[in-house]
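K.L.:
If you scroll down you'll find the structure; I have some questions about it.
The values are calculated or read from the model by the stated rules, or taken from the named source; none is laboratory data. Only a predicted model underlies this, so the values are computations on that prediction, with no experimental measurement involved. Methodologically, a virtual Cβ is constructed for each residue, glycine included, from the backbone with ideal geometry; neighbour enumeration extends over all protein chains shown.
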């Protein structure tokens, strides 16, 4: 079996999908790309069993057949080559792969393609379509708040809830929660699924920069995404997502309005002085004045800043993990943001003051209990 | 097994008291060679704070723990102040404790750097308590690079008193035969549990040594000193039946200060409280014990004493929370008379590490 392909075009496709390959896969063959050649079409598959990504591209070949090729060696080789047509020769008996370039030749030992795990096929799925910008924005706005705690698998992914009016994306790690809602993405069927963080990260990385329709299909256990020449299949998280709606307070009496960038910059400076482990900052809020402070008793570091704000409510002192606040504020674009609070041990609710078209973002964050809160 | 002399028919206990020499300061000198040979104070700074520990070089200048660092600086202008690294001290403390546990399960830690061991029936079947104490000291030296002083005797009081007799790197044994003579000769201010104030009172009563103390009737001592009078009566006779209790936890810890000149305004009261709070904070760290109740004790110039306490939701773990609560208590008191003494203590102690600055979670 033999085929010819541009080294840079192949590298581009391999790089787009190689993120799914883990360094120590359960099945060693998953350190390989699966190459399936059908005349002028090459289908490349990379997988970690949970998630598989498939790219298709044009090649020059008269043959058909399959081979598993070691991913790292192949990518490293292509990276080092100047752009040129390269020829692959595959010995189907020994699984030897020979790569020929103007510079020389490279021999890799491939593996039997039939050992490569089967990628599930779309089966009795429910289909809908999102634009890549909407999907990319929804992922970017939520994924950072997912949990890495494998003991709470439901929270290690983003919860997607679809109904006829809107599409809602929710992520939480138990301490903060993001609800990202689009009212331009309704569907005619109610559906809710949890998609693993890793799959969404890979999807986000491979989505094209120009707006492209992304076809999404959901079966009972898998999600399928396809756009351009890429397909991604991932296993859904088969767990019940926490009942997050109940955690959203709906009548927080105290309301703070403040410049987002000003608050963000201040938090970045103050958090330098916070305890490394807790990242705790203290917000003391009084009428039109926000005092942000942090101290690290172990090193006798402390810092504070005053920021002008608009505040309606009782004077309050509340602690937060600065990293959480910074990540949240970073993901908003509004000039002004609102923070609604009720008590130093209740969730704070952050919303942008100006809404982007068709977008509804709500962020919740639980406080850090200040230990001198008597 | 040897049997204690005279009327005591119980098998004689063999108790070792071990105390690390200038613990915090020695750890600092061990880890930072530039500090070696220099007067070092752990805790405080030139301007404020309290010395948590002083190296032997600093002690020559009269610097000791719980001294205000301003005074330490005045006594010894070339003293080096270093920040305490409690994590390191706790680590070393655990190392030492595991050495103790190689010899006996009956280990009663008094603080990070001090413990009682009952080695009467020890795991290594060693017959001599002196030999055991020497082995432990050697092992500590080998594993931590630090020296300890040890006292060996047949009860806790004598073991502790023996340790104090020779420091640093000391090993003192008080045998049952020597005990009474040892105590008789011991100056009253060297008795464990007899502080500066009590010592002055004893001396005013004509008690300057153990021999003098022994002359007193139990009832008379109780009348003079209250409940602790019973203890003084016992120890003057070298009697102390307290067991080495591996599970003992103190009920409270605190610090207080009597002023040479009575305080007459609230500002100076608050200033002194801040200083005392630093000391309490140091003790919390030293004993790794946390409580939720803070008590403020005030003695006025007419010797009338009041206490006010407050219990909070979370363990009190640092200086700023001690201060915050102390100030609240301060505001509840009518400051109409000059203040002679102030004290702060934390009670309801627990050894569990408190959930400090806990990140709260959603209820799901």
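K.L.:
Can you report the number of residues in the range B:339-364 which are more than 12 Å from chain A (Cβ to nearest Cβ) and modelled with pLDDT of 85 or more?
P.N.:
Residues meeting the conditions: 9.
Residue-by-condition table, conditions (1) assigned to a helix (DSSP H, G or I); (2) over 11 Å from the mean Cα position of the chain (by Cα):
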residue: A:121; (1), (2): no, yes
residue: A:137; (1), (2): yes, no
residue: A:155; (1), (2): yes, yes
residue: A:160; (1), (2): no, yes
residue: A:164; (1), (2): no, yes
residue: A:168; (1), (2): no, yes
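K.L.:
From the set of residues in the range A:170-188 that are part of a strand (DSSP E or B) and touching a helix residue (DSSP H, G or I) at 6+ places or on another chain (Cβ under 7 Å), which is surrounded by the fewest Cβ atoms within 10 Å (Cβ to Cβ)?
P.N.:
Pass one, the range A:170-188, residues part of a strand (DSSP E or B): A:170-172, A:176-182.
Pick out the ones that are also touching a helix residue (DSSP H, G or I) at 6+ places or on another chain (Cβ under 7 Å) and you get A:170-172, A:176-178, A:180, A:182.
Working: A:170: 24, A:171: 27, A:172: 26, A:176: 26, A:177: 25, A:178: 26, A:180: 24, A:182: 21.
For the range A:170-188, the residue satisfying everything is A:182.
K.L.:
With the checklist (1) in a loop (DSSP other than H, G, I, E, B); (2) over 30 Å from residue A:195 (Cβ atoms); (3) within 14 Å of chain B (Cβ to nearest Cβ); (4) more than 25 Å from the chain's Cα centre (by Cα) in hand, flag the one item residue A:278 doesn't pass.
P.N.:
Looking at each condition in turn, residue A:278 falls short on (4).
K.L.:
Given the criteria free of Cβ contacts under 8 Å to residues at least 60 places away in the same chain and either surrounded by 15 or more Cβ atoms within 10 Å (Cβ to Cβ) or within 11 Å of chain A (Cβ to nearest Cβ) (or both), does residue B:336 qualify?
P.N.:
no
K.L.:
Please determine whether any residue of the range B:306-317 is within 23 Å of residue B:197 (Cα to Cα), touching a strand residue (DSSP E or B) at 6+ places or on another chain (Cβ under 8 Å), surrounded by fewer than 19 Cβ atoms within 10 Å (Cβ to Cβ) and away from chain A (no Cβ under 11 Å).
P.N.:
Residues of the range B:306-317 that are within 23 Å of residue B:197 (Cα to Cα), as a first pass: B:306-307.
Now drop any that are not touching a strand residue (DSSP E or B) at 6+ places or on another chain (Cβ under 8 Å), which leaves B:306-307.
With the extra rule that they be surrounded by fewer than 19 Cβ atoms within 10 Å (Cβ to Cβ), the set shrinks to B:306-307.
Now narrow it down to the ones that are away from chain A (no Cβ under 11 Å): B:306-307.
Yes: one or more hits.
K.L.:
Please go through the range A:321-374 and pick out each residue that is in a loop (DSSP other than H, G, I, E, B), more than 10 Å from chain B (Cβ to nearest Cβ) and either buried (at least 22 other Cβ atoms within 10 Å of the Cβ) or under 26 Å from the mean Cα position of the chain (by Cα) (or both).
P.N.:
If we filter the range A:321-374 for residues that are in a loop (DSSP other than H, G, I, E, B), which is where we start, we get A:331-335, A:342-347, A:353-358, A:366-367, A:369-374.
This time we only want the ones that are more than 10 Å from chain B (Cβ to nearest Cβ), so: A:331-335, A:342-343, A:353-358.
Result: A:331, A:332, A:333, A:334, A:335, A:353, A:354, A:355, A:356, A:357, A:358.
K.L.:
Restricting to strands (runs of 3 or more DSSP E) lying wholly in the range B:37-138: which have 2 or more residues that are in contact (Cβ under 8 Å) with a residue 24 or more places away in the chain, within 30 Å of residue B:174 (Cβ to Cβ) and touching a strand residue (DSSP E or B) at 6+ places or on another chain (Cβ under 7 Å)? Before the answer, list the steps.
P.N.:
Working: elements: B:40-42, B:80-82, B:107-111, B:114-118.
Answer list for the range B:37-138: B:107-111, B:114-118.
K.L.:
Mind checking which residues of the range B:105-127 are in contact with a helix residue (DSSP H, G or I) (Cβ under 9 Å, 6 or more places away or on another chain) and farther than 30 Å from residue B:280 by Cα?
P.N.:
Listed by number, the residues that qualify are B:119, B:120, B:122, B:123, B:124, B:126.
K.L.:
Being assigned to a loop (DSSP other than H, G, I, E, B) and touching a helix residue (DSSP H, G or I) at 6+ places or on another chain (Cβ under 9 Å) is the filter here, so list the residues in the range A:281-320 that pass it.
P.N.:
Step one: of the range A:281-320, the residues assigned to a loop (DSSP other than H, G, I, E, B) are A:287-288, A:297-300, A:309, A:313-315.
Scanning the range A:281-320 gives A:297, A:298, A:309.
K.L.:
Taking the range A:79-91 as the region of interest, how many residues are over 15 Å from residue A:113 (Cβ atoms) and touching a strand residue (DSSP E or B) at 6+ places or on another chain (Cβ under 8 Å)?
P.N.:
Step one: list which residues in the range A:79-91 are over 15 Å from residue A:113 (Cβ atoms), which gives A:79-87, A:89.
Checking which are touching a strand residue (DSSP E or B) at 6+ places or on another chain (Cβ under 8 Å) leaves us with A:83-87, A:89.
Matching residues across the range A:79-91 total 6.
K.L.:
Looking at B:17, B:78, B:64, which is the one that is at pLDDT 95 or above and either closer than 20 Å to residue B:114 by Cα or out of contact with any helix residue (DSSP H, G or I) (no Cβ under 8 Å at 6 or more places or on another chain) (or both)? Break it down into steps so the answer makes sense when it comes.
P.N.:
Details: B:78 fails: at pLDDT 95 or above; B:64 fails: at pLDDT 95 or above.
None of the other options fit; the residue is B:17.
K.L.:
I'm told residue B:323 meets every condition in (1) part of a loop (DSSP other than H, G, I, E, B); (2) in contact with a helix residue (DSSP H, G or I) (Cβ under 9 Å, 6 or more places away or on another chain); (3) within 10 Å of chain A (Cβ to nearest Cβ) except one. Can you identify the failing condition by its number?
P.N.:
(1) is the only condition that residue B:323 fails.
K.L.:
How many of the residues in the range A:83-93 are assigned to a loop (DSSP other than H, G, I, E, B) and touching a residue at least 12 places away in the same chain (Cβ under 8 Å)?
P.N.:
Step one: of the range A:83-93, the residues assigned to a loop (DSSP other than H, G, I, E, B) are A:83-84, A:92-93.
Next, only the ones that are touching a residue at least 12 places away in the same chain (Cβ under 8 Å) stay: A:83-84, A:92.
So the answer is 3.
K.L.:
So residue A:238 ticks every box in (1) surrounded by fewer than 13 Cβ atoms within 10 Å (Cβ to Cβ); (2) within 10 Å of chain B (Cβ to nearest Cβ); (3) in contact (Cβ under 8 Å) with a residue 12 or more places away in the chain but one. Which box is left unticked?
P.N.:
The one condition residue A:238 does not meet is (2).
K.L.:
Just wondering, is there one or more residues in the range B:270-280 that are under 30 Å from residue B:359 (Cβ atoms), within 11 Å of another protein chain (Cβ to nearest Cβ), surrounded by 18 or more Cβ atoms within 10 Å (Cβ to Cβ) and in contact with a helix residue (DSSP H, G or I) (Cβ under 6 Å, 6 or more places away or on another chain)?
P.N.:
Kept after step one, since they are under 30 Å from residue B:359 (Cβ atoms), are these residues of the range B:270-280: B:274, B:277-278, B:280.
Then keep just the ones that are within 11 Å of another protein chain (Cβ to nearest Cβ); that gives none.
Within the range B:270-280, none of the residues are under 30 Å from residue B:359 (Cβ atoms), within 11 Å of another protein chain (Cβ to nearest Cβ), surrounded by 18 or more Cβ atoms within 10 Å (Cβ to Cβ) and in contact with a helix residue (DSSP H, G or I) (Cβ under 6 Å, 6 or more places away or on another chain).
K.L.:
Is it the case that residue A:248 is modelled with pLDDT of 90 or more and farther than 30 Å from residue A:56 by Cβ? Full working, then the answer.
P.N.:
Values: modelled with pLDDT of 90 or more: yes; farther than 30 Å from residue A:56 by Cβ: yes.
Criteria met by residue A:248.
K.L.:
What number of residues within the range B:180-209 are assigned to a loop (DSSP other than H, G, I, E, B), touching a residue at least 12 places away in the same chain (Cβ under 8 Å) and farther than 19 Å from residue B:220 by Cβ?
P.N.:
Total meeting the criteria: 2.
K.L.:
Just checking, how many residues over the range B:235-262 are part of a helix (DSSP H, G or I) and either on the phi > 0 side of the Ramachandran plot or touching a residue at least 60 places away in the same chain (Cβ under 8 Å) (or both)? If you could, list the steps in order and put the result at the bottom.
P.N.:
If we filter the range B:235-262 for residues that are part of a helix (DSSP H, G or I), which is where we start, we get B:235-236.
Then keep just the ones that are either on the phi > 0 side of the Ramachandran plot or touching a residue at least 60 places away in the same chain (Cβ under 8 Å) (or both); that gives B:235.
Residues flagged as part of a helix (DSSP H, G or I) and either on the phi > 0 side of the Ramachandran plot or touching a residue at least 60 places away in the same chain (Cβ under 8 Å) (or both) within the range B:235-262 amount to 1.
K.L.:
Quick check on the range B:281-305: of everything there that is out of contact with any strand residue (DSSP E or B) (no Cβ under 7 Å at 6 or more places or on another chain) and buried (at least 16 other Cβ atoms within 10 Å of the Cβ), which residue is farthest from the other protein chains (Cβ to nearest Cβ)?
P.N.:
Among them, the one singled out is B:288.
K.L.:
Just to confirm my filter: which strands (runs of 3 or more DSSP E) fall fully inside the range A:1-53 and include at least 2 residues that are touching a helix residue (DSSP H, G or I) at 6+ places or on another chain (Cβ under 7 Å)?
P.N.:
By residue number, A:32-38, A:41-47.
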